[in-house]
There are 2 protein chains.
Amino acid sequence: MVTINDIAKKAGVAKSTVSRYLNNGSVSTQTREKIDKIIKETGYTPNTFARSLKAQKTNMLGVIIPRLNSSSTNEVLEGIDATARELGYQLIITNSDQNLERELENIQTLAIQKVEGIIMLARQITKQHIDLINQASLPFLFIGQKAGTIHSMIHQDYEAGKQIGEYALGLGHRHFLYVGVPEYDQAVGIDRKKGFLDTLKKEKSSEVEYIETTFSRTIAYEKALKFLPETKATYIVCATDNIAVAVLKAASELGYRVPEDFSLSGFGGYEATSYVTPTITTVSYPYKRLGEESVKKIDLLINKKTVPMLSELGNVLEVKESTKEYKES
Amino acid sequence: MVTINDIAKKAGVAKSTVSRYLNNGSVSTQTREKIDKIIKETGYTPNTFARSLKAQKTNMLGVIIPRLNSSSTNEVLEGIDATARELGYQLIITNSDQNLERELENIQTLAIQKVEGIIMLARQITKQHIDLINQASLPFLFIGQKAGTIHSMIHQDYEAGKQIGEYALGLGHRHFLYVGVPEYDQAVGIDRKKGFLDTLKKEKSSEVEYIETTFSRTIAYEKALKFLPETKATYIVCATDNIAVAVLKAASELGYRVPEDFSLSGFGGYEATSYVTPTITTVSYPYKRLGEESVKKIDLLINKKTVPMLSELGNVLEVKESTKEYKES
DNA sequence: TTGTATGCGTTATCAG
DNA sequence: CTGATAACGCATACAA
């Protein structure tokens with residue numbers, strides 16, 4: 001490996017001169033040219049580790065994601081990537097494979113790598129998380145779930161549920177099926193559902209059945225094959241777009257027509273909802289922007305600015321083909 | 001920041017003793033316990049940079065991907081992630097956003113970061129790539145495209161095209177439409193297509209129309225709205241599953257029925273092909289395994305073992321609902 | 001403008 | 001088993 005010393009020797013100067021050349025630049029034109037040439041010849045690049053060691057700064061940002069093959073995750077990542085690049089951060093992305101142990105492990109690993117801050121796309125936040133994060137004592141930001149004592153950035157999930165509720169009631173529907181996910185996920189499992197249910201309460205004549213599934217398309221699909229023939233709902237609300245796509249698939253398999261037999265909607269605004277037939281009504285979430293904002297926020301945190309503990313991003317209802325008015329038949 | 005020195009002082013020993021404790025472990029039980037306690041109290045973690053500086057080893061692997069929101073990319077990443085973890089590598093994932101400049105930039109960046117090796121999910125390989133890689137002179141592996149002088153790992157795209165060709169001919173089809181992508185992509189744009197076309201040549205009575213689109217679903221969708229009413233093909237071959245999904249969407253929009261009006265197939269084996277109606281026949285590629293194998297290969301490269309310049313992974317035809325026999329009507 | 005000397009946190013060598 | 005010391009590659013205060 002060629003070092004600053006080699007360059008210095010070959011150029012017949014002190015290594016501090018080379019260092020100056022590399023940084024400030026207070027060097028005579030002569031030596032500058034000499035060094036210039038030699039660096040090109042040797043293909044020398046400064047050693048980042050030595051630099052970081054000296055500067056006590058790594059310019060690296062850690063990102064922890066729950067899984068790779070998720071479109072929402074990827075959109076968030078896109079936003080993170082773009083803004084990180086803009087602000088001069090190098091990204092270390094670690095995958096925790098929806099596994100609590102690995103999540104904690106990754107926090108550790110990133111802390112050891114001395115990243116300047118960590119952004120974590122959260123599923124559930126446990127005491128272990130909090131403890132570990134406090135212990136690591138570096139700027140930390142949760143995305144997607146809120147944690148009281150740690151900075152977080154979330155979607156307005158309660159609002160989103162409310163939007164769908166109001167929209168569906170407005171269409172005249174009174175009998176609903178809510179296909180949800182477990183409550184360990186505060187944002188999706190609880191807030192989103194609660195927003196919906198609370199809205200329905202305003203309409204006394206409404207009824208809601210509830211089915212719980214997981215984030216997996218396959219599992220949702222299999223459950224749908226069973227519950228679709230049994231439900232009396234005229235409107236099915238799925239907790240995620242993925243689930244909605246799976247339910248739609250099962251429906252078409254079983255010979256139901258959407259929205260003629262029942263209306264269907266999801267949450268998320270995934271691209272997939274636009275490429276199935278019918279296209280699926282959804283509440284679209286600004287995932288990419290969430291990623292962008294999160295980097296800006298952690299950057300502020302890193303630079304010791306004060307930022308609000310919690311930021312919320314709004315979302316917007318996208319009416320497509322899978323929902324229609326309910327008319328007494 | 002708490003360092004090995006702090007620990008040493010508090011424990012009343014030399015820092016070399018602490019270092020030994022951290023590594024080999026030749027320390028008396030007494031001092032071991034003392035150090036143990038202090039490290040826990042202070043939450044000390046060794047500084048990776050100092051370590052890397054000393055060890056001249058970073059244990060980091062660079063990965064360059066063309067874009068984040070691609071299911072094939074993500075499956076490859078899953079494989080890479082899993083195996084990297086197994087082999088003890090830390091991943092630095094950089095996104096080049098389908099941009100040549102950024103690709104070259106990323107190679108630079110990763111080289112500067114002193115990663116031990118780079119895996120790049122390639123689109124096209126230019127002389128600039130080759131030059132830069134040779135200059136960086138570190139283990140490098142292309143995935144998805146082959147480069148003569150640099151190690152690469154690819155899918156059998158020509159074979160895949162052939163498989164579809166033989167299958168379609170076997171169903172009795174003679175009039176085809178191939179929806180392809182530009183030839184700057186050697187694997188998908190050329191090999192895949194050529195495998196298909198070469199196979200058709202064996203059947204004199206066959207005819208092929210050709211339409212070129214891009215990897216974008218939206219663009220493919222819009223093109224399909226135009227070409228579907230015009231084509232006489234009874235079998236449409238799409239160069240990727242994404243394109244196939246888009247064409248299917250356009251078809252259902254226009255009132256065509258698949259496979260009654262025409263058969264349709266893609267390449268890739270993306271999950272999406274299973275969640276549309278009808279499900280789409282495809283040649284599935286072992287993306288995840290590709291990721292796994294690639295890490296194993298670069299690990300070999302890093303450890304100076306000799307490995308073949310080129311590795312190929314096979315793929316398998318998955319017949320689903322979107323294709324059926326052609327019968328003279 | 002240039003060179004010398006020192007320290008960043010760690011590991012390894014070599015006496016003790 | 002333990003401690004002093006040098007070295008990794010770089011940046012910088014200070015002196016020349």
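Where a number appears in this text, it was derived from the coordinates with a stated rule and is not lab data. What you are looking at is a predicted structure, and each value in this text was computed from that prediction instead of being measured. Reconstructed Cβ throughout: ideal geometry from the backbone, glycine too, with neighbour counts over all protein chains shown.
Computed values, structure above
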item: Angle between chain B longest axis and helix B:71-87 axis [Cα atoms, degrees, rounded to 10]; result: 30 degrees
item: Whole-number D in µm² s⁻¹ for the protein assembly as shown, Kirkwood Cα-pair radius fed into Stokes-Einstein, 25 °C, 0.890 mPa s; result: 89 µm²/s
item: Helical contribution to [θ] at 222 nm, DSSP H n ≥ 4, -39,500 (n - 2.57), averaged over the protein assembly as shown, rounded to 500; result: -13500 deg cm²/dmol
item: Semi-axis lengths, Å, region A:1-158, gyration tensor of Cα atoms, sqrt of 5 times eigenvalues; result: 42, 16, 13
item: Approximate spin-label separation A:ASN69-B:GLU271, in nm, with each point projected 7 Å along Cα-to-Cβ; result: 0.6 nm
item: Average silhouette area of region A:149-263, convex hull of alpha-carbon atoms, in square nanometres; result: 7.5 nm²
item: 7 Å along Cα→Cβ, label-point gaps from B:VAL316 to other copies, nm, shortest first; result: 4.5
item: D_trans [Stokes-Einstein, Kirkwood Rh over alpha-carbon pairs] for region A:4-46, 25 °C, 0.890 mPa s, µm² s⁻¹; result: 248 µm²/s
item: DSSP beta bridges in chain B [antiparallel fraction, %, rounded to 5]; result: 10 percent
item: Nearest-0.05 FRET efficiency for B:ASP131 and B:TYR184, computed from C-beta distance (R0 25 Å); result: 0.85
item: Other-copy label distances relative to A:GLN98, 7 angstrom Cα-Cβ extension, nm; result: 2.9
item: Of B:ILE302, B:THR17, B:ILE119, farthest towards positive along the dipole that unit charges on Lys, Arg, Asp, Glu beta carbons give chain B; result: B:THR17
item: Charge dipole of the protein assembly as shown about the Cα centre (unit charges at C-beta), most positive-ward option of A:SER72, B:LEU91, A:ILE190; result: B:LEU91
item: Between helix B:100-112 and chain B: long-axis angle, C-alpha atoms, 0 to 90°, nearest 10; result: 20 degrees
item: Cβ neighbours within 10 Å from other chains - mean over B:264-271; result: 1
item: Other protein chain Cβ atoms within 10 Å, averaged over every residue that makes up A:55-63; result: 1
item: P(r) of region A:210-311 over all Cα-Cα pairs, binned every 5 Å from zero, in whole percent; result: 2, 12, 20, 19, 12, 7, 7, 7, 6, 4, 2, 1
item: Helix A:157-170 vs. chain A, principal-axis angle (Cα, 0 to 90°, nearest 10); result: 30 degrees
item: Total lysine pairs whose alpha carbons fall under 21 Å of each other in region A:157-285 (8 or more apart, or interchain); result: 19
item: Relative contact order for region B:4-46, counting Cα pairs under 8 Å that sit 6 or more residues apart, in percent; result: 40 percent
item: Volume in Å³ per residue [convex hull over Cα atoms, computed for region B:144-197]; result: 66 Å³
item: Separation of alpha-carbon centers, region B:227-246 and region A:181-223, rounded to whole Å; result: 38 Å
item: Total charge dipole magnitude, region B:222-273, about the Cα centre, Cβ charges on Lys, Arg, Asp, Glu only, Debye to nearest 20; result: 140 debye
item: Nm distances between copies for B:LEU300, ranked from closest, using label points 7 Å along Cα→Cβ; result: 5.1
item: Between region A:110-150 and region B:2-48, the Cα center-to-center distance that results, in Å; result: 26 Å
item: Percent RCO, i.e. relative contact order, over chain A, from Cα pairs under 8 Å lying at least 6 residues apart; result: 17 percent
item: Over chain B - Rg/Rh using Cα atoms and the Kirkwood inverse-distance radius; result: 1.16
item: Region A:157-285, relative contact order in percent, only Cα pairs under 8 angstrom and at least six apart counted; result: 25 percent
item: Region B:76-136 - Rg (one decimal) and Dmax (whole number), Cα, Å; result: 12.1, 34
item: Antiparallel content of DSSP bridges confined to the protein assembly as shown, in %, to 5; result: 10 percent
item: Size of electric dipole in region A:70-160: Cβ of Lys, Arg +1 and of Asp, Glu -1, about Cα centre, debye, nearest 20; result: 240 debye
item: Lys, Arg +1 and Asp, Glu -1 on Cβ, resulting dipole of the protein assembly as shown about Cα centre, debye, nearest 20; result: 3040 debye
item: Max mean-square fluctuation residue, GNM over chain A, Cα-Cα springs under 10 Å, options A:TYR287, A:TYR256, A:TYR270; result: A:TYR256
item: Centroid-to-centroid separation of region A:90-104 and region A:253-282 [C-alpha atoms, Å]; result: 32 Å
item: R0 of 30 Å, Cβ-Cβ distance A:GLU321-B:GLU222: FRET efficiency to nearest 0.05; result: 0.95
